[in-house]
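What follows is one structure encoded as structure tokens, with my remarks underneath.
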Amino acid sequence: MGRKILLFSLLILMALPQFLWADTADDYYREANSFFTQKDYQRAFDAYQGAIPYDVDPYRAYLGMGNCQYFLNNKEKAVEYLQKSDDLHKDEKVEAFIKKIRTSMPAPKTALFIKAEQLLKDKKYKEAIPNLKEIEQYEATNLKAFYDMGYCYYQIGNKQMAALNFNYYVSKTNDAAVTALAQNMRGQLAPDDQDWLDSQLQLGPPFSPPFVFSGIGIRFEPTFQFVSLKDFNNFNTELKTKAALAPASDAFSLSSTVPPGGLGIELNPYVQISEDLEVGLTFGTLFLGQMTESYTSNNNLNGGDAAITYNVTTIGMSIRSEMVRLYRNKIKFFFEVDPSYYMTAVNTANSEITNPTPDTNFDFPLVTGNFTGSGIGARFKMGVDWKPIPNSIVSGFLGYQMAQIQTFGGSGSVPDGTGTGNTVNVPGQLETLQTANGTKIIFVPTGTVTPGASPLTLDLSGFIIGADMTILL
């Protein structure tokens, strides 16, 4: 009888799990690793769990338990134990494994997601998109929503948003079945849209829609325009020549300047007719400043000053062609023609008109008044466009302006002929007259004729250097 009891006891002990013989954490780990190698994941899990009370830092136990649950296809439990291991002992490989498991877990079937999938099943793609957008915003781990969003956008013809959502889905899941599709759709996008897609992937959801150019833009164009002002420069030469010929006893001295150019400002709304052609309107102004004169004579007992001020405004059209493109269409070379109508005003001021004894050496037009003229001209430009961001362009260019404005008529104050310094306002026009010393500008009252005189010309021809700042709408 005693021998039977002894034999029965030995059989019971042999049937108990081997790890029950263990009395240290390492003993449990050896047994657990052995079971794990044999793919007996449940017994390995029990052994790893048994090590916890004996290990002061049981991160290995939780790591083993997580691995066992993963192979037992209990992914939520796997994440739970692996996270406990990582909390005790940070490990990038463990964190990457946790992330991989989470991305492979099925999306939670929230009411909103169920509704979106039903709309997708019913082919109501536009109706499904708002629901999927909300899911993307508040359930960012629901990667299936990004795939569904890409599919909806693809069905309604929005290639940019379809490519973005497919590429985001692939970046998080490494789904080989979708990778080729995502890459192909990205390759079909314009360079600007590809840059936008890459930036959105870097920022992450919620995504902002791409900039869509309506075909309408507005340019703001500051320039410096060199001008000829031929008649005025000739007049300036005539004044200085006459001053140089004045007798020494007169002590006549003259200061005279003509602006070489001025600052131009232009506004140019335009519409894109084709990929290479733009047509628009131009509204501009040119600030030339003024031609100034001052003198002293008669041993500083007599003097005066005078000025001619220019005001130029333009209205016209622009035709720009962009045929050469570089660097993913971000740099473009262009040629532009701007035929324009020039409206100009010339204002004269002469202190001599109120002087009873004007100096005979001072040859400035003896009138103070306002005169206007108009004409047709054009600007020709060649330059480079640079597109730093999708909705703006910065340009630099060189050009040439051809414009000559003639026949400046108006009215002005002139001496009344009494020698008292009184004036009278009369209509007339500004003209040029050849003299022994050169060309001078004179005022010719209406109804009178000055032999040899010809209409004054405001010659605005000259080179242009400038820049464009463009906003695309």
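Counting only strands (runs of 3 or more DSSP E) that sit completely within the stretch 383-473, those holding 2 or more residues that are more than 24 Å from Val346 (Cα to Cα), in contact (Cβ under 8 Å) with a residue 40 or more places away in the chain and of a type outside the set (Val, Ile, Thr) correspond to 392-415, 462-472. Determine, yes or no, whether Asn347 is surrounded by fewer than 18 Cβ atoms within 10 Å (Cβ to Cβ), under 19 Å from Leu254 (Cα atoms) and assigned by TED's automatic domain parsing to the domain that holds Ile464. Criteria not met by Asn347.
Residues that are closer than 30 Å to Asn391 by Cα and not basic (Lys, Arg) number at least 3 in the following strands (runs of 3 or more DSSP E) confined to the stretch 216-277: 216-226, 261-274. When Gly157 is tested against (1) surrounded by fewer than 16 Cβ atoms within 10 Å (Cβ to Cβ); (2) in contact (Cβ under 8 Å) with a residue 12 or more places away in the chain, only condition (2) is not met.
If you check Ile265 against the conditions, is it outside the structural domain of Tyr153 (by TED's automatic domain parsing), touching a residue at least 40 places away in the same chain (Cβ under 8 Å) and in contact with a strand residue (DSSP E or B) (Cβ under 6 Å, 6 or more places away or on another chain)? Criteria met by Ile265.
Scanning the stretch 176-203 for residues that are without any contact (Cβ under 8 Å) to a residue 24 or more places away in the chain and surrounded by fewer than 16 Cβ atoms within 10 Å (Cβ to Cβ) gives Ala176, Ala177, Ala180, Gln183, Asn184, Gly187, Asp198, Ser199, Gln202, Leu203. Selection within the stretch 265-298: residues that are modelled with pLDDT of 95 or more and among the small types (Gly, Ala, Ser). The member of this set that is nearest to Glu322 (Cα to Cα) is Gly280.
Exactly one of these conditions fails for Gln401: (1) out of contact with any helix residue (DSSP H, G or I) (no Cβ under 6 Å at 6 or more places or on another chain); (2) modelled with pLDDT under 95; (3) over 30 Å from Pro358 (Cα atoms). Give me its number. Going through (1) out of contact with any helix residue (DSSP H, G or I) (no Cβ under 6 Å at 6 or more places or on another chain); (2) modelled with pLDDT under 95; (3) over 30 Å from Pro358 (Cα atoms) one by one, Gln401 breaks only (2).
The values are calculated or read from the model by the stated rules, or taken from the named source; none is laboratory data. Model, not experiment: these values are computed from the prediction. Cβ sites come from the backbone with ideal geometry, for glycine too, and all protein chains shown count toward neighbours.
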